[in-house]
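Below: one structure, written as structure tokens.
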Amino acid sequence: MIVMKFGGTSVADASALTALRTAVASATGSRVIVVSALAGVTDLLVEVTTEADQGSLDGVAVRLQALLDRHLDIARDLGLGEHPSLESDLQAELTRVAARLAAPGGLAEGWRDAVLGTGELLSSRLVVAVLQSVGLPAVWCDAREVIRTDARFGGAFPDREAIAVLSHSVIEPLLSAGQIPVTQGFIGSTADGRPTVLGRGGSDFSAALLGAALGAEQVEIWTDVSGLMTADPRIVPEARVLAEATYDEAAELAAFGAKVLHPATQLPLIEARIPIVIRNTFKPEAPGTRIVGESQVEDDLPVRSISFKRGVVVLQVRAARMLGAFGFLRRIFEVFERHEIVVDVLATSEVSVSLTVDPSPRLEAVVADLRVIGEVTMRDHRGIIAVVGRAIRDTPGITARVYQAIADVNIEMISQGASASNLTFIVREEQGPETVRALHRTFFGSAP
Ligand code: ADP
Ligand code: ASP
Ligand code: MG
């Protein structure tokens with residue numbers, strides 16, 4: 001059994017859905033299909049929640065109608081007009097969201113997640129219809145009945161034990177009956193039935209959770225590039241596809257900006273050693289990248305890829321009186337824990353700590369609390385560059401080559417050695433792309 005997850009661009013329009021259908025039809029054996037919302041739809045739903053917050057029900061109605069029209073147009077382009085229930089199913093989904101947003105007495109807790117998850121509920125209906133149109137035994141399967149999560153709305157944590165039980169009772173009977181379940185990425189629900197989402201880009205994580213629960217042979221992430229590459233091809237056009245990478249390398253790259261994979265994807269799969277394979281929906285002949293526990297790649301380059309994450313905030317806390325005192329780090333991290341802010345990169349000296357976080361409205365309160373401990377500076381519009389490869393620490397001269405490549409760039413912070421497979425530094429955001437290109441030239445040469 002395999003899990004095949006298709007991202008937003010792979011379901012974006014009629015030609016993408018036709019390519020998806022070919023990929024699913026070409027696979028053999030049992031398949032579970034996981035789909036994202038059509039490209040751009042989750043962003044539009046974010047706008048819908050903003051309009052709803054502002055009480056602009058007209059704005060909400062216009063956007064929801066546009067959403068329905070887009071799906072219906074695609075259905076028409078694909079010749080799915082004859083499908084017995086597609087149009088009414090899409091319509092019903094939109095009617096449910098509209099009713100929720102117009103609920104008298106105000107919006108219930110967690111309403112936002114229900115709205116954000118609508119895109120997947122719609123796209124999965126289209127996918128079922130397009131697969132059925134060529135006789136594939138696709139059935140719609142509600143991920144909210146399987147992906148059990150806690151109630152951290154906006155970025156819920158999955159309950160893997162419950163997901164295992166629910167996968168067996170909901171999905172396995174469909175597979176045993178020879179059907180192809182089509183379910184939604186990104187969404188889940190709490191034990192008491194409130195809809196949740198796993199956080200942006202979370203459909204990859206959904207696929208991995210289902211793959212682990214069902215003991216899949218592999219989890220395939222079908223997207224718009226031919227695999228995990230030596231850099232984001234939007235920054236480095238000559239970037240190359242890696243045949244193989246380790247879970248650790250993929251996780252580091254994903255955490256530091258390689259959007260091709262959600263940073264948590266490998267977590268449920270490591271223990272059972274289930275490979276992740278990244279494939280290109282639009283180039284099914286390309287083998288893609290296999291992400292596994294230990295790589296068997298022959299030409300074992302120490303640096304495998306360079307990633308770049310924009311929009312990062314750097315905080316520095318200095319407290320001279322901490323020289324020789326203990327407890328400084330604990331007090332700082334307590335502040336982040338209290339405000340539930342995730343710290344990405346960290347560098348420390350005896351009297352100061354620099355760290356990076358994502359922008360958040362809560363940072364103001366964090367800074368206020370840190371000022372009790374020491375002097376705080378905050379710099380935004382920073383970027384993290386991560387040079388990743390599992391042999392970096394053991395290969396002499398890598399650091400020197402990195403420094404040489406970026407001699408003209410002002411490096412604001414650097415972190416190395418915390419993990420065997422990465423060297424991370426912070427630059428001003430606008431210097432990121434050129435720095436990535438310089439590093440790419442150093443480690444991978446220019447275009448062939
Ligand atoms: P999907 O909608 O299929 O989930 P995403 O947009 O989330 O796709 O991720 C695919 C994109 O990730 C690619 O189009 C590419 O621009 C970007 N990307 C960033 N870093 C990398 C990398 N190292 N390798 C491949 N793609 C990358
Ligand atoms: N549709 C969701 C998003 O755009 C989840 C995903 O595509 O992975 O964030
Ligand atoms: Mg994605």
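A single member of V436, V376 is modelled with pLDDT of 95 or more, closer than 20 Å to P233 by Cβ and among the β-branched types (V, I, T), and it is V436. In the stretch 327-368, of all residues being aliphatic (A, V, I, L, M) and part of a loop (DSSP other than H, G, I, E, B), the one that is farthest from G154 (Cα to Cα) corresponds to V351. Taking the criterion of being in contact (Cβ under 8 Å) with a residue 60 or more places away in the chain and either within 20 Å of F256 (Cα to Cα) or outside the structural domain of I426 (by TED's automatic domain parsing) (or both), the only residue of the stretch 355-377 that qualifies is T356. The single residue among L38, L90, L78, L20 that is in contact with a helix residue (DSSP H, G or I) (Cβ under 7 Å, 6 or more places away or on another chain), without any contact (Cβ under 8 Å) to a residue 40 or more places away in the chain and assigned by TED's automatic domain parsing to the domain that holds F205 turns out to be L90. Of the residues A191, A216, A207, the single one that is more than 16 Å from ligand 2 (Cβ to nearest atom), surrounded by 19 or more Cβ atoms within 10 Å (Cβ to Cβ) and either of a type in the set (A, V, I, L, M) or not in a loop (DSSP other than H, G, I, E, B) (or both) is A216. A single member of G188, G199 is within 30 Å of S360 (Cα to Cα) and under 14 Å from the mean Cα position of the chain (by Cα), and it is G199.
From the list T50, T95, the lone residue that is assigned by TED's automatic domain parsing to the domain that holds G117, free of Cβ contacts under 8 Å to residues at least 12 places away in the same chain, under 25 Å from the mean Cα position of the chain (by Cα) and away from ligand 1 (no atom under 16 Å from the Cβ) is T50. Within the option set T246, T223, being more than 7 Å from ligand 1 (Cβ to nearest atom), among the β-branched types (V, I, T) and out of contact with any His (no Cβ under 7 Å at 6 or more places or on another chain) holds for one residue only, T246.
Here D43 clears all of (1) within 16 Å of ligand 2 (Cβ to nearest atom); (2) free of Cβ contacts under 8 Å to residues at least 12 places away in the same chain; (3) not in a helix (DSSP H, G or I) except the condition numbered (3).
The values are calculated or read from the model by the stated rules, or taken from the named source; none is laboratory data. Every value quoted in this text rests on a predicted model; they were computed, and no experiment measured them. Quick reminder, even Gly has a Cβ in these numbers, built from the backbone with ideal geometry, and neighbours come from all protein chains shown.
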